[in-house]
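The values are calculated or read from the model by the stated rules, or taken from the named source; none is laboratory data. Please read these numbers as outputs of a predicted model, since none were measured by experiment. Neighbour counts run over all protein chains shown; Cβ positions are idealised from the backbone, glycine included. Ligands, DNA and RNA are stripped out before the accessible areas are found, and what is left, the full protein with its side chains, is counted by its heavy atoms. Shrake-Rupley method; radii C 1.70, N 1.55, O 1.52, S 1.80 Å.
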Amino acid sequence: MVEKSYKWWQKTVVYQVYPRSFKDSTGNGIGDLSGIIEKLDYLQNLGVETIWFSPFYPSPTFKPYSQHDCGYDISNYKDIHPEYGTMELFDELVKKIHNRNMKIVLDMVLNHTSIEHPWFKESRSSRDNPKRDWYIWRDGRKPNGKKPPNNWNSMIGKGWEYNSHTDQWFYHAFLPFQPDLNYRNPEVQKEMLDTVRFWLKKGVDGYRLDIINTLFEDAEFRKAPFIFKLFSEDSGTFFKSSQMTLNHPDTYEFCKTLRETIDEFPGKFLVGEITASLKILKNYLGNVCKDGTSHDGLNLVFLFQSMTTPMKPKRFRNLMQMYEKWFSYPYTPTWVFGNHDQRRRITKIGDNFNKAKINATLQLTARGVPFIYYGEELGMKEGKSSKKESRDAIAHYFKWIPQFMQNILGKYGIPINRDGCRTPMQWDDSENAGFCPPNIEPWLSVNPSFIKRNVKKEEKDEGSLLNCYKRLLKVRKESPALQIGDFELINLKKLKEKCLAYKRILGKQEINVYLNFLNKVLLIKIPIQEPKLIFSTLSNRKALYPEANNGKIKLFPFEGIIFR
Ligand code: GLC
């Protein structure tokens with residue numbers, strides 16, 4: 001039998017900061033590194049350990065490409081975008097995070113650069129430029145080459161863009177201003193692995209790998225076959241297979257190279273962003289190593305399945321069972337409910353704080369690494385932004401889709417306008433929510449909910465969502481069973497449609513979690529004589545008092561409890 005052992009990143013809780021929206025210290029309406037440094041105490045007090053930053057590398061600074069995809073369009077991989085600060089400030093940030101015994105994770109966009117990256121500018125300048133083969137260039141289809149080289153799509157729409165200067169087409173897996181690097185060129189691989197090393201040497205503790213499933217395409221540029229499906233996570237969309245462009249076996253192999261690269265620096269980790277079925281996702285994690293305590297691909301992948309899981313015990317039970325099936329030790333699941341691309345979770349669950357507390361309890365007690373998106377802890381809800389005002393490049397790309405359709409798609413996890421989840425962090429109830437000075441226009445409007453939902457106010461209210469997160473994070477920090485314990489569902493028989501219950505087990509320690517998903521009181525028989533309450537979503541609950549209910553425990557409407 002394998003003696004289980006765990007690395008720090010398997011026990012950690014990650015908090016995602018979207019730098020543009022976190023805290024503006026210079027008064028230009030855009031968040032920045034000094035602003036983040038100012039707020040490190042907040043994050044430390046909240047109780048999260050690892051901070052993942054969406055990109056703050058240089059992105060073009062002039063129109064029309066200025067911060068077009070808000071940093072996911074990089075024009076220099078080894079510097080800091082001037083709007084956010086300087087390399088000195090970055091070094092200070094790393095130091096201040098580490099001084100707090102916290103960790104820092106950067107976002108790495110390996111698949112594509114900005115169209116204004118000097119490499120691409122060179123590449124597009126002539127067919128025989130030394131950088132030509134750094135990107136994916138092909139002739140158009142015959143007879144006159146004015147049709148794209150083949151029928152490949154990007155993740156968003158059409159995959160090829162024409163360049164009249166050299167009369168060839170380049171491929172892009174995302175938007176047209178984000179040309180794909182050519183990973184079949186060893187020079188590109190070398191350069192990008194070097195970039196990965198660059199920030200590790202500066203002390204970062206890991207990377208979130210942006211759309212890592214798009215790195216390699218079919219080497220022979222074969223046509224994407226027809227499939228009889230409108231939408232499928234793995235096989236394609238709109239009747240076209242994605243097998244030539246997504247989840248290529250060479251990408252799985254490259255993930256192993258990435259892993260070897262970060263392992264040159266002990267204690268680092270990689271989490272991959274891939275939207276796919278659990279079966280495909282597992283390929284990115286590689287195979288179990290000889291000693292049985294690790295695997296040789298990415299350390300983690302986001303499991304986005306939870307994002308669209310409705311608040312029903314059965315749906316979460318099924319999901320948890322699937323995670324146990326596919327990601328049992330030494331693999332580690334992840335729990336993620338929001339990010340800078342998705343509608344905010346609280347809006348998806350009816351803007352209901354009680355449900356949000358249940359959701360948080362589940363996220364922080366299930367087996368796996370939780371990823372909290374900034375503002376989730378406050379109940380920040382989806383901002384409204386009309387098509388006209390939208391800042392997001394995707395919204396511009398899809399401006400032909402009527403607003404009501406956009407709203408419907410958003411509900412089904414296909415957000416067309418991502419501004420709504422990127423509104424400024426709500427620090428207090430002053431004008432602009434304390435994000436930037438009152439007389440300044442923030443880069444995105446503050447969500448009007450800031451009057452009630454803000455850090456200052458919620459810190460003072462014992463029953464707030466923020467304090468619920470704080471208590472949960474503390475409980476988790478103090479409980480090795482919650483961090484690394486085995487997972488076991490508890491069968492509640494008749495009550496199983498109302499309540500979700502499970503245990504986390506580590507040696508002799510057993511921690512029980514019961515979540516009442518209904519707006520009703522539940523009486524539940526438990527197999528423990530003298531249960532000791534560790535946590536309740538109700539801040540004033542002191543104990544479970546089974547003796548008062550013939551040995552049963554009483555769960556109040558939408559109450560979540562943890563006990564041993
Ligand atoms: C990822 C990012 C998203 C970005 C895209 C292209 O999905 O999360 O924000 O637009 O990749 O880099």
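Summary table below
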item: Yes/no for S54 being within 16 Å of the ligand (Cβ to nearest atom) and open to solvent by 20 Å² or more (accessible area, probe 1.4 Å); result: no
item: Qualifying positions in segment 519-564 - free of Cβ contacts under 8 Å to residues at least 24 places away in the same chain and part of a loop (DSSP other than H, G, I, E, B); result: P527, Q529, E530, R541, K542, A543, L544, Y545, N550
item: Checklist (1) in contact with a Ser or Thr (Cβ under 9 Å, 6 or more places away or on another chain); (2) open to solvent by 40 Å² or more (accessible area, probe 1.4 Å); (3) within 19 Å of L362 (Cα to Cα) applied to L515, failing item; result: (2)
item: Whichever residue in segment 268-295 is part of a loop (DSSP other than H, G, I, E, B) and farther than 15 Å from S328 by Cα and, among such residues, is most open to solvent (accessible area, probe 1.4 Å); result: K290
item: Qualifying positions in segment 88-110 - in contact with a helix residue (DSSP H, G or I) (Cβ under 8 Å, 6 or more places away or on another chain) and in a loop (DSSP other than H, G, I, E, B); result: R100, M102, L110
item: Single residue of I104, I97, I80 found to be closer than 26 Å to N28 by Cα and crowded, with 23+ Cβ neighbours inside 10 Å; result: I97
item: Residues (buried (at least 16 other Cβ atoms within 10 Å of the Cβ) and touching a helix residue (DSSP H, G or I) at 6+ places or on another chain (Cβ under 7 Å)) located in segment 164-174; result: T166, A173
item: Any hit, segment 313-323, residues being aliphatic (A, V, I, L, M) and either assigned to a loop (DSSP other than H, G, I, E, B) or within 15 Å of the ligand (Cβ to nearest atom) (or both); result: no
item: Helices (runs of 4 or more DSSP H) (entirely within segment 344-425) containing at least 1 residues that are open to solvent by less than 10 Å² (accessible area, probe 1.4 Å) and under 30 Å from P330 (Cα atoms); result: 353-365
item: Residue that is nearest to A360 (Cα to Cα) [pool: residues in segment 289-307 that are of a type outside the set (S, T, N, Q) and touching a helix residue (DSSP H, G or I) at 6+ places or on another chain (Cβ under 8 Å)]; result: M307
item: Single residue of segment 75-127 satisfying the filter (within 16 Å of the ligand (Cβ to nearest atom) and among the aromatic types (F, W, Y)) that is nearest to the chain's Cα centre (by Cα); result: Y77
item: Set I349, I394: member being closer than 30 Å to Y42 by Cα and in contact with a Lys or Arg (Cβ under 7 Å, 6 or more places away or on another chain); result: I349
item: Test: residue in segment 217-235 that is under 23 Å from H117 (Cβ atoms) and not polar (S, T, N, Q); result: yes
item: Some residue of segment 80-87 being assigned to a loop (DSSP other than H, G, I, E, B), polar (S, T, N, Q) and in contact with a helix residue (DSSP H, G or I) (Cβ under 6 Å, 6 or more places away or on another chain); result: no
item: Total residues in segment 226-238, condition more than 18 Å from I156 (Cβ to Cβ) and not in a loop (DSSP other than H, G, I, E, B); result: 1
item: Looking only at segment 324-343, and only at residues there that are in contact with a helix residue (DSSP H, G or I) (Cβ under 7 Å, 6 or more places away or on another chain) and open to solvent by less than 10 Å² (accessible area, probe 1.4 Å), the one that is farthest from the ligand (Cβ to nearest atom); result: P333
item: Residue in segment 448-464 that is under 20 Å from G71 (Cα atoms) and either more than 16 Å from the ligand (Cβ to nearest atom) or outside the structural domain of L40 (by TED's automatic domain parsing) (or both) present; result: no
item: Within segment 239-267, considering residues that are part of a loop (DSSP other than H, G, I, E, B) and of a type in the set (A, V, I, L, M, F, W, C), the one most open to solvent (accessible area, probe 1.4 Å); result: F239
item: Criterion violated by S449 - all others in (1) in contact (Cβ under 8 Å) with a residue 60 or more places away in the chain; (2) in a loop (DSSP other than H, G, I, E, B); (3) open to solvent by less than 30 Å² (accessible area, probe 1.4 Å) satisfied; result: (2)
item: Condition met for K542 (open to solvent by 80 Å² or more (accessible area, probe 1.4 Å) and closer than 24 Å to E478 by Cα); result: yes
item: Scan of segment 240-262 for residues that are over 15 Å from K279 (Cα atoms) and of a type in the set (A, V, I, L, M), ordered by number; result: M244, L258, I262
item: Breaking point among (1) open to solvent by 70 Å² or more (accessible area, probe 1.4 Å); (2) out of contact with any Asp or Glu (no Cβ under 9 Å at 6 or more places or on another chain), for F563; result: (1)
item: Some residue of segment 373-396 being within 29 Å of V513 (Cα to Cα), in contact with a strand residue (DSSP E or B) (Cβ under 7 Å, 6 or more places away or on another chain) and in the same structural domain as R208 (by TED's automatic domain parsing); result: yes
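Here is a yes/no grid of residues against (1) within 16 Å of the ligand (Cβ to nearest atom); (2) under 28 Å from W160 (Cβ atoms); (3) open to solvent by 60 Å² or more (accessible area, probe 1.4 Å):
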site: N182; (1), (2), (3): no, yes, no
site: P186; (1), (2), (3): no, yes, yes
site: Q189; (1), (2), (3): no, yes, no
site: L193; (1), (2), (3): no, yes, no
site: K201; (1), (2), (3): no, no, yes
site: V204; (1), (2), (3): no, no, no
site: L209; (1), (2), (3): yes, yes, no
site: I212; (1), (2), (3): yes, yes, no
site: D218; (1), (2), (3): no, yes, no
